[in-house]
Amino acid sequence: MKYIYYPGCSLKSTGKLYEESLLAVFDALGIEYEELKDWNCCGATAYMAVDEKKAFVLAARNIALAEQQFKDEEEVNIVAPCSACYMILLKTQKFLEDNPEDMAVIKAALKESGLDYKAKAKIRHPIDVFINDIGEQEIAKRITKPLKGIRVASYYGCQTVRPYSTFDDQRNPVTMDKLFKAAGAEVVDWTMKTRCCGASLTGTIQEVALPLSYIILHEAKKRRADVVTTACSLCQFNLECYQTNIDKKFKTDTKIDVIYFTQLLGLALGLEPKKLGINRLFAKPENLFRIMEGGKPVYV
Amino acid sequence: MFNSNGNGTPKIGFYVCHCGHNIASMVDVEEVQKFASTLPGVVVSRDYKYMCSDPGQELIQKDIKELGLNRIVVASCSPLLHEHTFRVAAEKAGLNPYYFHMVNIRESVSWVHTDKLSATQKAKALTRAAIQRVFFHKPLEKKSVPVNPDVLIVGGGISGITAALTIANAGKHVYLVEREPTIGGHMAMFDKTFPTLDCAACILTPKMSAVKSHPNITLWTYSEVEKVEGFVGNYKVNIKRKPRYVIEELCVGCMECIDACIYKEAKYPDEFNQKLSKRKPIYIPFPQATPQVVLFDPETCIDFKSHRCKKTCIESCDRKAIDLKQVPEYKEINVGTVILTTGFKTYDAELSPQYGYGKYPNVYTSLEVERLVNASGPTAGEVVTKDGKKPKSVGIIHCVGSRDQKAHKWCSKVCCMYSLKLAHLIKEHTGAQVYNFYIDMRTPGKGYEEFYDKLMTEGVHFVRGRVSEVTDWALVPEEENKLTIRVEDTLIGVVRRVPVDMVVLAVGLEPRVDAGDIRRMFNISCSNEGWFLERHPKLAPVSTFTDGIFIAGACQGPKDIPDSVAQAGAAAAEVLSLISAGSIELEPNTASINEKFCSGCKSCIPICPYSAISFNDGTQKAVINEALCKGCGTCVAACPSGSIIQNLFEDDQIFSEIDGLLKFADIELEEMEAEHA
Amino acid sequence: MDKKSVFAESFALDNAAKDIVEIRRRIKYESELDKSFRDKIAKSAHGEKLYGCIQCGTCSAACPVSHYMDYTPRKIIQMVREGFKEEVLTSSTVWLCASCYACTVECPKGIKITDVMYALKRESILGNYYPKKSPASILANNFFNQVLNNGRNSEGPLLVKMYLKTNPFMLFKNMALGFKLWIRGRISLKTERIKDKKALKKLLQSVEDKSIYKAEVNSPALKEASAV
């Protein structure tokens, strides 16, 4: 099966390393994909706050574009790695299904610009694809550098499993844990998996956002995690790049490796760190590399 | 077309009811009355404010006598409510009650329409159909069948026990069937009862032993109903008695076999103690279990698994009561009436994972805490956490699984009160700070609000807010190694994090898992939620839609002990009323076979839901047992040769009714066309 | 580290308020309430379930930022239902909502509280109630314009513009962070665009809800948003 890859704005900028590692893992697992041609902004959070209908049109345009691009394929599976994009595409589909009047308006508008919204495409998160299409066993077979001795705290953030997605539990998701167990790691049982990291407020109201990130990082360290894996570009940026600000504010030490789940999976599949965008992280994941080579962590 | 059916030329009286404003506000009753007076056969047509009132009924009776009416049609409410009323009225005036027919212009017309003109037209159409129908009505006679005075009660909780004792004391025989090894139900697990705080065992166990020793009660514990056949007054029930591997008549409950078991330590989870303690493969659920008879759990007994046990238990029993080769015993009984008192189960707290049940050891369900505070429970009444310490702070979370669209929408009614009781008991046993997290405090009931007052003066904390989560992560030092409850104190408008040592989940009540199977077996209905459905929520709360089957207690909906006991008494009274009457009249709307046309194809036999049809090998024709037939009409529709006739639903009656409806439609169409022209 | 500081942080706003003794009128007259407000918001949030709220506070407890809000989400629902329009639309609550959907998942009555917050954000912008120096509302507006014009969002220019409008000092403060991102190729000041900008703009304008726009002609935010 071939997938349509919808990067969204952030995977082309702050989340560039997410894109690099995701596509490298796709290649390594033999997953075929095509990037969505002439995609536009998904219409996420901020847009919904100003004009809802336009936000739905933006999302619907992407879905319609995908359906057009894959018109000869049996199924249209859109892979949306960014949580906000993933959620908003799902939300749009659900909203239009429940509100036939709006569906008619939006269909007509898209028709004007030569697009046909069929509402047939399936919106998929990469974790969903790895677990349900490829399977843990298949992935386990391809692991060349098992993550032995590494304690992974998988972190989904808010919009990956809430409120529309169905591939995992909304309160205590476990798919990422399955993935890393298959890659030979130990997984940390913690309650922070879907707790908001505050990213959408870090840029605007930092005094509210930083404590949220602090709670997550502090808890990960307390549960003796070696690495926090994220599935959202805002989360990764927020949890990694603000560590020094957090430490200064709370007079603490939250230093812990925070990387994309695709980066860690890529390393386990034996891919070059550079191909996985590891060099784009703020700090080299020192602990991770040390433990993978059988050594002791530097910062605890 | 006028068929007099041996009653002379049809003389029809038509009466339309205003039902106050219920009908008259949406249907022009005067118009309907005038319309009816023009129809063939109608001798008198009247409208009246309340036809069901005494003057209304007298109106009909007077007309029957003075005008010689021989057919009556009343257009009013649903036949479910007043068909019986009018039939009796007609009968009193000397008319066979089946010459009466009812038109429903309230539930089917005025309550469901918003346009008065169309509603009136519809009422007229239904009126015409009914008037054409009664031409073909025939006089029918009710049949009566005797009622077997024996009673079956299913479920030996407080409801079943109460009903059994009431009926047995009246001198009637009761079979009490209980699935578990002992009677007592949920009440036997409780320590105290609200709001009086009297000891549950003290008030329950005397009743349990009264059941055991009552000459009019046959008590079958560890038994299940397998099959039910028959009809009101005459049910045949098959019961399976599961093997206890102990001969009940010989065992005296000395429990020496338990001591003698080769397992020196108890090692299997004790179901009665909510798995908070251990038992041996041979056990008795609790000290006052009734009957006082031990039983084996074949799942855990070595001898059942390997046949290589030394069988020290058998050696120890000098009454030779142990029989490891015991097989299930099957009983067949005949009873006239049945009371279902099968109770409830508590909500599975693991389905609300945000509260951490099953994940954090010190999150308990309320039923578990009932056992903890009980002197005969797993800790002999000590309230301690899993690590054996007395909790310094305890949070009780209300509405777990209740008032929640993701779980159950209903309020479970008893949780507020039992949470107050547990708060009191926990505080009394431990001196801990106890918090109640509630959405709304519901304490309607005698002495209930006073109990709430008492708890408040005892210093229990009341925080109005539904808890969003119970977690083990600490934000501040006071939360380290505690369970933290996050909640909005909605009366203040501030979010709070309350660290506690123990969390109690006030789980709601839900129907038993197999309530659906029981329902089908006894042919009664369930509400959407799965509770057994009463015949009328206000006026027939313990009756069901199947005659002779009654319900009581929490199988009908969440209920506390006083309400359950009251319902059990009500059900017992209903049963005794049937038994006293000695016989019951059956509605004559049954089906019968016209042997001349029956081809003997047998296709009606398997489809009858009441097993009322059999085959006569001699005549090679089907035969319907009128006492079993409920008049559902299934066989009538299925018979390929049209040889089955159903009283009150004969072909000419139905065709004439349809004809009446269609004729009206024709007239309406003509009128419309004329208007357009 | 001293964990108390996080605790103190949670109550910082309350403590600050303590220093000022303020006399405020705490009575509301019916004539001061906007009775049509609840229907308007319920319609805008695609759900009349708003009326089914039992005020249990699960939303506030599940919300990770509710302790910073001037009114908790539960209070907002009640205030919307009873027509406290001014208070709701000028509150910090709507702009603190990070759209994490925790409340929506936990609500026992199935109310989509996040969507109610979105509806309130829109209403606050349309009616010109939003806090003028609030970065959250400025960001939303800038984001809106950028996508309307270019089809895509460019994080660099977006943030620079927001800081200039709200708090230029923050721009300076975050310069080092920006530089770190820039040398790692994770941010640029270039504006991203799709190929057919004009067609997209036409598409977006074709679904404009004219009725809303006409009703609130005086909203500068809208003028800014639609004036291109």
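Applying the selection to the range C:69-97, what residues are among the aromatic types (Phe, Trp, Tyr), within 21 Å of residue A:198 (Cβ to Cβ) and surrounded by fewer than 22 Cβ atoms within 10 Å (Cβ to Cβ)?
C:71, the sole residue that qualifies.
Could you check the range A:30-56 and list, in sequence order, the residues that are open to solvent by 10 Å² or more (accessible area, probe 1.4 Å), among the aliphatic types (A, V, I, L, M) and over 20 Å from residue A:121 (Cβ atoms)?
Matches in the range A:30-56: A:46, A:50.
Kindly indicate the residue of the range C:175-184 that is at pLDDT 80 or above and exposed (fewer than 15 other Cβ atoms within 10 Å of the Cβ) and also nearest to the other protein chains (Cβ to nearest Cβ) among those meeting that condition.
Top of the filtered list is C:180.
Give B:109, B:74, B:32, B:27 a once-over and let me know the one that is assigned to a strand (DSSP E or B) and touching a helix residue (DSSP H, G or I) at 6+ places or on another chain (Cβ under 7 Å).
Being assigned to a strand (DSSP E or B) and touching a helix residue (DSSP H, G or I) at 6+ places or on another chain (Cβ under 7 Å) holds for just one of B:109, B:74, B:32, B:27, which is B:74.
Please pick out the residue among B:75, B:90, B:129 that is touching an Asp or Glu at 6+ places or on another chain (Cβ under 8 Å) and either without any contact (Cβ under 8 Å) to a residue 60 or more places away in the chain or of a type in the set (A, V, I, L, M) (or both).
The conditions single out B:129.
Identify all residues within the range B:386-407 that are open to solvent by 20 Å² or more (accessible area, probe 1.4 Å) and more than 10 Å from every other protein chain (Cβ to nearest Cβ); write none if there are none.
Within the range B:386-407, B:386, B:387, B:388, B:389, B:390, B:392 meet the criteria.
Find the helices (runs of 4 or more DSSP H) located wholly in the range C:22-105 whose residues include 3 or more that are over 15 Å from the mean Cα position of the chain (by Cα), away from chain B (no Cβ under 14 Å) and at pLDDT 90 or above, and list them.
It comes to C:37-44, C:73-82.
Any residue at all in the range A:116-135 that's assigned to a loop (DSSP other than H, G, I, E, B), within 11 Å of chain C (Cβ to nearest Cβ) and either touching a Gly at 6+ places or on another chain (Cβ under 8 Å) or without any contact (Cβ under 8 Å) to a residue 12 or more places away in the chain (or both)?
Checking the range A:116-135: not a single residue is assigned to a loop (DSSP other than H, G, I, E, B), within 11 Å of chain C (Cβ to nearest Cβ) and either touching a Gly at 6+ places or on another chain (Cβ under 8 Å) or without any contact (Cβ under 8 Å) to a residue 12 or more places away in the chain (or both).
Just checking, how many residues over the range A:1-23 are open to solvent by less than 10 Å² (accessible area, probe 1.4 Å) and not hydroxyl-bearing (Ser, Thr, Tyr)?
Counting residues in the range A:1-23 that are open to solvent by less than 10 Å² (accessible area, probe 1.4 Å) and not hydroxyl-bearing (Ser, Thr, Tyr) gives 7.
So, of the residues in the range A:184-201 that are assigned to a loop (DSSP other than H, G, I, E, B) and among the hydroxyl-bearing types (Ser, Thr, Tyr), which turns out to be nearest to the other protein chains (Cβ to nearest Cβ)?
Ranking the candidates gives A:191 first.
Every residue in the range B:166-184 that is open to solvent by 30 Å² or more (accessible area, probe 1.4 Å) and either assigned to a strand (DSSP E or B) or of a type outside the set (Val, Ile, Thr) (or both), please.
The answer is B:169, B:170, B:171, B:172, B:173, B:175, B:179, B:180.
Every residue, every condition in (1) modelled with pLDDT under 95; (2) open to solvent by 20 Å² or more (accessible area, probe 1.4 Å), yes or no:
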position	(1), (2)
B:332	no, yes
B:337	no, no
B:359	yes, yes
B:367	no, no
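Could you check the range C:178-208 and list, in sequence order, the residues that are within 29 Å of residue A:277 (Cβ to Cβ) and either in contact with a strand residue (DSSP E or B) (Cβ under 6 Å, 6 or more places away or on another chain) or in a loop (DSSP other than H, G, I, E, B) (or both)?
C:184, C:185, C:186, C:187, C:188, C:189, C:190, C:191, C:192, C:193, C:194, C:195
Among the strands (runs of 3 or more DSSP E) contained in the range B:451-520, which hold 1 or more residues that are more than 10 Å from chain C (Cβ to nearest Cβ) and either of a type in the set (A, V, I, L, M) or buried (at least 21 other Cβ atoms within 10 Å of the Cβ) (or both)?
Output list reads B:469-471, B:483-489, B:494-500, B:502-507, B:509-511.
If you check residue A:16 against the conditions, is it under 25 Å from residue A:115 (Cα atoms) and either within 11 Å of another protein chain (Cβ to nearest Cβ) or touching a residue at least 40 places away in the same chain (Cβ under 8 Å) (or both)?
When the stated conditions are applied, residue A:16 does not pass them.
Give me the residue from the range A:166-183 that is part of a loop (DSSP other than H, G, I, E, B) and open to solvent by less than 10 Å² (accessible area, probe 1.4 Å) and, out of that set, farthest from residue A:237 (Cα to Cα).
Result: A:183.
Here is a yes/no grid of residues against (1) more than 10 Å from every other protein chain (Cβ to nearest Cβ); (2) touching a residue at least 12 places away in the same chain (Cβ under 8 Å); (3) within 24 Å of residue C:91 (Cα to Cα):
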residue	(1), (2), (3)
C:116	yes, yes, yes
C:121	no, yes, yes
C:127	yes, yes, yes
C:136	no, yes, yes
C:142	no, yes, yes
C:164	yes, no, yes
C:173	no, no, no
C:187	no, yes, no
C:197	no, yes, no
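In the range B:440-450, which residue that is open to solvent by 30 Å² or more (accessible area, probe 1.4 Å) and more than 23 Å from residue B:489 (Cα to Cα) is nearest to the other protein chains (Cβ to nearest Cβ)?
B:444
Which ranges mark the helices (runs of 4 or more DSSP H) fully within the range B:557-675 that have 1 or more residues being assigned by TED's automatic domain parsing to the domain that holds residue B:232 and of a type in the set (A, V, I, L, M)?
Per the criteria, B:561-581.
Any idea which of B:119, B:163, B:129 is in a helix (DSSP H, G or I), under 30 Å from residue B:646 (Cβ atoms) and of a type in the set (A, V, I, L, M, F, W, C)?
One residue alone meets the criteria, B:129.
Output the residues belonging to the range B:33-77 that are within 38 Å of the chain's Cα centre (by Cα), open to solvent by 20 Å² or more (accessible area, probe 1.4 Å) and polar (S, T, N, Q).
Within the range B:33-77, B:53, B:57 meet the criteria.
If only one of C:192, C:208, C:155 is under 23 Å from the mean Cα position of the chain (by Cα), facing chain A (nearest Cβ under 9 Å) and open to solvent by 40 Å² or more (accessible area, probe 1.4 Å), which one is it?
C:208
Inside the range B:387-416, can you point out the residues that are in contact with a helix residue (DSSP H, G or I) (Cβ under 7 Å, 6 or more places away or on another chain) and among the β-branched types (Val, Ile, Thr)?
Matches in the range B:387-416: B:394, B:396, B:397, B:400.
The values are calculated or read from the model by the stated rules, or taken from the named source; none is laboratory data. Note that the structure is predicted; figures quoted are calculated from it, not measured. Note: ideal-geometry Cβ built from the backbone for every residue, glycine included; neighbour counts use all protein chains shown. The accessibility values were calculated without ligands, DNA or RNA, using every heavy atom of the protein model including side chains. Shrake-Rupley method; radii C 1.70, N 1.55, O 1.52, S 1.80 Å.
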